[in-house]
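Scroll down for the structure; my scribbles are underneath it.
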Amino acid sequence: MKQFSAKRSIQILGYLLKEYGIYDVIISPGSRNAPLAIHFSEMDELNCYSIVDERSAAFVALGMAKSLKKPVAVSCTSGSAAANYYPAVTEAFFQNTPLLILTADRPTDYVDIFDGQTIRQKDLYQQHSYGDFQLLEDSQENADEENFSIIKKAIEVCFEKQGPVHINIPLEEPLYQLVSELPKFSPVEKTIRYSQFEFSPNLAAEWNTSKRIMILVGTRDYSEELEMQLSQLVKNHSVVILKEANSNLRHEKFFGHIDRYIFNFTEEDFKLYAPDLLITVGQNVVSKKVKQFLRKAKPANHWHIDEVWHPDTYFALTEKIKTSPEKFFAKLLNFIKLEPSPYFNLWDVLRDKKDLKHAEYCLATGFSDFKLFEILPGKLPKNVNLHISNSSAIRYAQLFDFPHNSIYCNRGTSGIDGSTSTAMGYAMKSAEQTVLVTGDISFFYDINGLWNNYIPPYTRIIVFNNGGGDIFKIIPGPSTTKALDEFIMTKHHKNTEHLAKHFGFGYTKVDDEETLIRVLDNFFKHDERPKILEVDTTEIENAEILKQYFTFLK
């Protein structure tokens, strides 16, 4: 016989999760959230996952939501457990990834009286959420009706905004009272609102009078429809489309590898290659150089297309277009002229020159972090979901083509703290293989991302271990200080072998190019357990190889 929580607020919450199709719930252990754990684990419709570390748990939920493309719920006990969600909440906020955050709390009159595991949880994530809701305690007047309305509103905001929404749930003791039957709840009238878009003819006129049109695509999931629309725009060489690895666009006429082309721009180049109309799509871009370029370019017009965000990243924003890129370009294509542009040819000549230099440098470069990313695209199976950690990993990935893989990276806040957990969460809900490529510091920082029983056996992790945060040898500034080794890049002599064994992963280590190529041929094949490949480049001057690469491109 099933036994559900007797808490009416939790019964209502479970019912509404089911009604809105939120079937996946991450639960971290605790007593105050025991009513949620008891109730959800007894519901046939819900898939419950136990993740001990709340910081990791929230990133796992983020990865699941990215994989499913719909909200995932995450539940914890009261106190610092709720605060540990914050890094993933900020990441979800800036990525527009829908998380429903369910924090159990002490009764409201227990706050600020030094009761155990009690902090100020109400509105805890207010600066980085799309809605903050507080339930009534079951004993309060009209609690059932109010809580039904509050939870319904919270869930609908999560769908509408496609971002994190917080429900704080004060729970009085006793916490472990159970019932075997649930009440009948009223049918739900769903009132999710989606934004409407009216196309302005002024935009078409602005396009048609612009001579140098650039479209820059930042972080976003693959969209076949958007790929087709943008392909129409470049068919006659009408516009320049810049993309990054995690823009997930693949057309051969789009300009990837932005830093390869603009890294050594002079002041004259900034003017020569500048657009007069800039259109931006998607979330954050990785390239700091392209931000510097476009801020100096000062385009006459800048449109940003997004349903939620309209940041003035380049200090030139003139149009906030509040819709999806697919809806916008579907309208735009009906009204614009697509004529060959000398501006495209200007960039195309630059691309040919730099691509030849790139190929020449690759031939002359030996085993290193750089070489790993050169070799990897040719060894990855098709349709693998490729997760890249932050710092140097995603910067290396920008220099090479991954034509058959979707690429993901936590560029909302660009932190290293949850890359492993996010990738593992994605893997748990994906039928296709997930591969994480990560630097050593990011991997060690987030080892609790491996602490669960749900990672599929076809999951693969590649850790390139260069003995510290090598990014700080690459970017200008840190190497001028005595604090570099110990306090900034944190040099170390650790490896991943014992961690792999501890968490039940297969393990292989390579420290030369020939072995790397040989091992990669079998690394992605089916096995009974997930695997880690450690690429040891601690004896290599990786930072110098990358710096020399950009010098060579001049």
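A short reminder: the numbers here are calculations on the coordinates, not readings from a lab. Note that the coordinates shown come from a computational prediction; the quantities given were computed from them, not determined experimentally. We place every Cβ from the backbone using ideal geometry, glycine too, and count neighbours over all the protein chains shown.
Tally Lys and Arg at +1 and Asp and Glu at -1 over the other residues with C-beta under 9 Å from the C-beta of residue 192: what net charge comes out? Residues close to residue 192 contribute a combined charge of 0.
List the trypsin sites (Lys or Arg not before Pro) in the range 375-429 that DSSP assigns to loop (not H, G, I, E or B) and whose Cβ has at most 15 other Cβ atoms within 10 Å. Which are they? For trypsin sites (Lys or Arg not before Pro) across the range 375-429 that sit outside H, G, I, E and B with at most 15 neighbouring Cβ atoms in 10 Å, the list reads 382.
Panel values: the range 505-554, Kirkwood radius from alpha carbon pairs, Stokes-Einstein at 25 °C and 0.890 mPa s, translational diffusion coefficient 189 µm²/s.
Here the mean projected area of the convex hull built on the C-alpha positions of the range 4-171 is 8.4 nm².
Please give the FRET efficiency for residue 252 paired with residue 333, using the beta carbon to beta carbon distance and R0 = 25 Å, rounded to the nearest 0.05. The pair residue 252/residue 333 has a calculated efficiency of 0.80. The chymotrypsin sites (Phe, Trp or Tyr not before Pro) of the range 175-279 meeting both criteria, a DSSP state outside H, G, I, E and B (loop) and at most 10 other C-beta atoms within 10 angstrom of the site's C-beta, are 194. Here is the list for the range 1-106: GluC sites (Glu not before Pro) lying in DSSP coil, each with at most 14 other C-beta atoms within 10 angstrom of its C-beta, are 45. Once backbone amide H atoms are built at 1.01 Å from N, residue 298 has no partners under 5 Å, excluding neighbours fewer than 5 places away on the same chain.
The helix-only estimate of mean residue ellipticity at 222 nm for the chain, built from DSSP H runs of length n ≥ 4 each weighted as -39500 (n - 2.57), is -11000 deg cm²/dmol after division by the residue total. According to the Kirkwood relation over distinct C-alpha pairs, the hydrodynamic radius of the range 2-81 is 12.7 Å.
Near residue 149: Cβ cut-off under 12 Å, other residues only, Lys/Arg at +1 and Asp/Glu at -1. The net charge is -3.
In this structure the amide hydrogen of residue 134, modeled in the peptide plane, comes within under 5 Å of the amide hydrogens of 168, none closer than 5 places in sequence on its chain. With respect to the chain, whose longest principal axis is taken over its alpha-carbon atoms, helix 342-364 is tilted by about 90°. Over the range 208-349, how many percent of alpha carbon pairs lie in each 5 Å bin up to the one with the longest distance? It works out to 2, 10, 21, 26, 23, 14, 3, 0, in whole percents. Local charge for residue 59 was computed over the other residues whose Cβ lies under 12 Å away, with Lys and Arg +1 and Asp and Glu -1, and equals -3.
Can you give the FRET efficiency for residue 526 and residue 184, using 1/(1 + (r/R0)^6), R0 = 56 Å, r = Cβ-Cβ distance, to the nearest 0.05? Provide the component values of the computation, followed by the final result.
On the way: r = 47 Å, r/R0 = 0.84.
For residue 526 and residue 184, the calculated efficiency is 0.75.
Subtracting the Cα-Cα distance of residue 224 and residue 266 from their residue separation scaled by 0.36 nm leaves 11.5 nm.
Across all directions, the shadow cast by the convex hull of the range 182-263 built on its C-alpha atoms averages 10.0 square nanometres. Both numbers refer to the Cα atoms of the chain; Rg and Dmax are 25.2, 76 Å. Per residue, the convex hull around the alpha carbon atoms of the range 348-398 comes to 107 Å³.
In the range 4-171, a dipole from Cβ-located charges (positive for Lys and Arg, negative for Asp and Glu) runs towards its positive end, and of 168, 57, 131 it is 57 whose Cα lies farthest in that direction. For the range 279-330, the Kirkwood estimate of the hydrodynamic radius, built from every pair of different alpha carbons, is 11.4 Å. By its C-alpha gyration tensor, with a ≥ b ≥ c as the square roots of the eigenvalues, how is the range 365-552 shaped: rounded for a/c under 1.5, else prolate for a/b larger than b/c, else oblate? Here the range 365-552 falls in the prolate category.
Roughly what angle does helix 369-379 make with the longest principal axis of the chain, taking Cα atoms, 0 to 90 degrees, to the nearest 10? Approximately 80 degrees, to the nearest 10. Summarising the strand pairing of the chain, around 5 percent of its internal DSSP beta bridges are antiparallel. Once the Cα atoms are used to define both axes, helix 288-297 deviates from the longest principal axis of the chain by about 70 degrees. Grab the beta carbon distance between residue 552 and residue 153, set R0 = 60 Å, and tell me the FRET efficiency rounded to 0.05. With R0 = 60 Å, the Cβ-Cβ based efficiency is 0.60.
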